[in-house]
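The values are calculated or read from the model by the stated rules, or taken from the named source; none is laboratory data. Keep in mind that this is a model prediction, so the values were computed, not measured. Because the Cβ atoms are built from the backbone with ideal geometry, glycine has one as well, and the counts that use them run over all protein chains shown. Note: areas computed on protein heavy atoms with side chains; ligands, DNA, RNA excluded. Shrake-Rupley method; radii C 1.70, N 1.55, O 1.52, S 1.80 Å.
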Amino acid sequence: MPVPIPRQRVIPAVENGHDGGAAPRTDRPTGSPTDTTRDTAPGATTGPQTEPATTAEQTTTTEQTTTDAPGAPRTTGAPDTTGATSGPAAPTAAEAAEALARIAAGSAAHPASGPTSTALTLLVIEDDPAGSLNIPSLLDSAELTVRVRTARNLTEAERLLTDDVHCILLDLALPAPGPRPAEAEDGTEDELAVLRHVLRLAPRHAVLALTGAENSARGPEAVRVGAQDFLYRDELDGRLLSRAVRYAVERKRADHAQRQLTESRLRAQENARLERGLLPTPLLEGAPLRFAARYRPGRSRALLGGDFYDTVRTADGTVHAMIGDVCGHGPDEAALGVELRIAWRALTFAGLCGDQLLSTLQKVLENERPDDEIFATLCTVDISPDGRSAGLCLAGHPSPLIARQGHLAELLPYDDNGPALGLLPQARWPRRQVELGRSWSLMLYTDGLIEGRIGAGNQRLGQDGMVSLVRGLLDQGLRGDALLEAAMTEVRALNGGELTDDVAVLLLDRMVPTAPTVR
């Protein structure tokens, strides 16, 4: 729909509170820093002038008068030879197009979130029947480009308070809002009730409190309540007002930025606590196994990625371990990984295993994934109570690495590898029985560990490279946490920096001491 263009009127120069009949100056260069705008609310009176007030904003050059003799004012600009009086000035087509472009582009965003504008907009809320407080003249003498809007009460102020207002100059002597004066907790009248009302009305605008020298304690109290600064009416001059306005605007902008930073930090801390809570706690009480794990999400400043793992021991003494990887790296994938992990734990405690468990997990994935293209790889291992054998199921996932005592580290068989979850509706995942031996170390991992680059080329580490790497670390006598930490460090070094994919590594050790030989 068409956007209404504000009507404009020119405010003539005022000297001693009366219109001196001065014509607009023409000897001042265009764009002079003394350009000001004065707005008034509908129905507001501004001294002896009889022209109806409007709520629109208008820009004019504040005129200055000089006198050749007492009582004979003379203007320094070109005389008005037309005899026409000031009236509503229609906007030009260029001005209308510019206003529409600003609105369409969203450039009228709140001043607290944008850069400092050359021309500031000041909303003055004060009831000065004598007209002694001439804000445009003060700002004109300070050579500050500013648009001034004047409201005589809070009702008018609410109508004039738009997003392009940068600062509010509030007279604390205004009557308190409401039918009766607000009272503090001790029963006395709240002298800052009008300020509190304005702060609630304009929580994101800079506010300057204006008070009299006889109420010197009211100014600092206004700052404590929420104003950016305070001024004394009797000491007000153009330079002081100009500096106070700019200071208040910048301080409010800094306060807003600091508040956003604090809120962002709190959200980050809350997310970190949430993500930490979603990481698994292994349940291995009573199992003669040592557990170690490393987890590194690929997302920047995240604690949780699309990789997931878990380890539990059921009542019959069987130790169940699982590691998986949801394709993708975003928060949706991380959330889906958590759902699959929790579902796996619940189904495992319910007695499901092998193909039955994976088929049920696929149903969970199909119902919870945000997109039909999302799939997940999975590796499950169930270790017998005696620790010497295990059942292995692979759903599109790399095969675990095993290091048996007296043997080189190698990959477990992966001939019966089934498809990833979510790819084939009627897929089956066979369970393969493998022998572990007396003492062993079993490492489950995601492909983020083996897809890192080697040097500056495009060659990947791969499973063979990982096996060689782990063999070297085992030869150095590294086990458990030390082994995983060294492996992660070396993989990152080969990659030339941090890995871009999520990485999860799970290590289970069973070390049975060798019985001494009896001679």
Ranked highest first by average number of other Cβ atoms within 10 Å, how do 119-126, 375-382 line up?
-> 375-382, 119-126
With every protein chain left in place, what is the accessible area per residue of region 308-374 in square angstrom, probe 1.4 Å?
-> 41
State the percentage of accessible surface on region 360-514 attributable to carbon and sulfur atoms; use a 1.4 Å probe and exclude ligands, DNA and RNA.
-> 48
If one computes the Cα centroid of region 473-507 and of region 320-364, what distance in Å separates the two points?
-> 25
Computed ³J(HN,Hα) along region 332-340: with the Karplus parameters 6.51/-1.76/1.60, θ = phi - 60°, integer Hz and x for glycine or proline, the list is 5, 5, 4, 5, 5, x, 5, 4, 5
Going by average Cβ neighbours within 10 Å, how do the peptides 441-452, 396-407 rank, with the highest at the top?
-> 441-452, 396-407
Can you tell me the order of 282-290, 413-421 when each peptide is scored by its average per-residue count of other Cβ atoms within 10 angstrom, highest first?
-> 413-421, 282-290
Mean projection area, nm², convex hull over Cα of region 218-261 | 3.2
Sketch the reach of a paramagnetic label on Tyr232 as a point 7 Å from Cα along Cα-to-Cβ, and name the residues of region 190-220 whose backbone nitrogen lies under 17 Å away.
-> 209-220
Evaluate E = 1/(1 + (r/R0)^6) for Leu284 and Glu368, where r is the Cβ-Cβ distance and R0 equals 22 Å; express this FRET efficiency to the nearest 0.05.
-> 0.20
